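First comes the structure, then the notes that go with it.
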Amino acid sequence: QVQLVESGGGLVQAGGSLRLSCAASGGTFSSHAMGWSRQAPGKEREFVATIGWRGGSTYYADSVQGRFTISKDNAKNTVYLQMNSLKPEGTAVYYCNAGAFNYHSDYIPTTWGQGTQVTVSS
């Protein structure tokens, strides 16, 4: 089974940018669709973005569409989340996940990283 380790979180001012990385080991990274989710204090975990196993199909939550970009480098076993124009409401723990799309094209995460904290100051 693939193991996931996130990095790149930190403190940034509103309007700034961060790039999160998620390094995978074990399993077959190239065969997995990947995604990012986040959980803000006192709130449920929410979907942020997903990318197909080939890296060609991407999907975003409406709240981040146009500001965040997910990408996948199968040669480096790494998935990235480039976050631009960050907002204070983006403060959360960001989790990388590996999974697959089912018959109905729903993304089903099966493996999670430990998360990385992103704090956006106003």
Checklist outcome for this item: Residue pairs within 7 Å by beta carbon, gap of at least six or interchain, first lying in region 33-58 and over 11 Å from residue 94 (Cα atoms), second open to solvent by 60 Å² or more (accessible area, probe 1.4 Å) and not in a strand (DSSP E or B), listed first then second, are 33/53; 53/31
Checklist entry - Looking only at region 32-53, which residues are in contact with a Phe, Trp or Tyr (Cβ under 8 Å, 6 or more places away or on another chain), at pLDDT below 95 and not in a strand (DSSP E or B)? => result 32, 52
Item to check | Matching residues in region 1-31 - criterion: being within 25 Å of residue 110 (Cβ to Cβ) and either touching an Asp or Glu at 6+ places or on another chain (Cβ under 9 Å) or at pLDDT 95 or above (or both) | outcome: 4, 5, 6, 7, 8, 9, 19, 20, 21, 22, 23
Checklist entry - Within region 39-60, how many residues are under 11 Å from the mean Cα position of the chain (by Cα) and either closer than 13 Å to residue 100 by Cβ or of a type in the set (A, V, I, L, M, F, W, C) (or both)? => result 5
Item to check | Members of region 91-116 that are in contact with a Leu (Cβ under 9 Å, 6 or more places away or on another chain) and within 24 Å of residue 67 (Cβ to Cβ) | outcome: 94, 95, 96, 97, 98, 112, 113, 116
Item to check | Filter result (within 15 Å of the chain's Cα centre (by Cα) and open to solvent by 60 Å² or more (accessible area, probe 1.4 Å)) within region 18-38 | outcome: 19
Checklist entry - Among the numbered criteria (1) touching a residue at least 40 places away in the same chain (Cβ under 8 Å); (2) outside any strand (DSSP E or B); (3) not charged (D, E, K, R), which single criterion is violated by residue 24? => result (2)
Checklist entry - If we keep just the residues of region 49-81 that are open to solvent by 60 Å² or more (accessible area, probe 1.4 Å) and touching a Ser or Thr at 6+ places or on another chain (Cβ under 6 Å), which is nearest to residue 15 (Cα to Cα)? => result 59
Checklist entry - Within region 8-17, how many residues turn out to be surrounded by 15 or more Cβ atoms within 10 Å (Cβ to Cβ) and either in contact with a Ser or Thr (Cβ under 7 Å, 6 or more places away or on another chain) or among the basic types (Lys, Arg) (or both)? => result 2
Item to check | All positions within region 71-113 that are more than 15 Å from residue 46 (Cβ to Cβ), out of contact with any helix residue (DSSP H, G or I) (no Cβ under 9 Å at 6 or more places or on another chain) and not in a loop (DSSP other than H, G, I, E, B) | outcome: 71, 73, 80, 82, 88, 99, 101, 108, 110, 111
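The values are calculated or read from the model by the stated rules, or taken from the named source; none is laboratory data. No experiment lies behind these values; they were computed from the predicted model shown. Cβ coordinates were reconstructed from backbone atoms using ideal geometry, including for glycine residues, and neighbour counts include every protein chain displayed. SASA here: full protein model, heavy atoms, side chains in, ligands and nucleic acids out. Shrake-Rupley method; radii C 1.70, N 1.55, O 1.52, S 1.80 Å.
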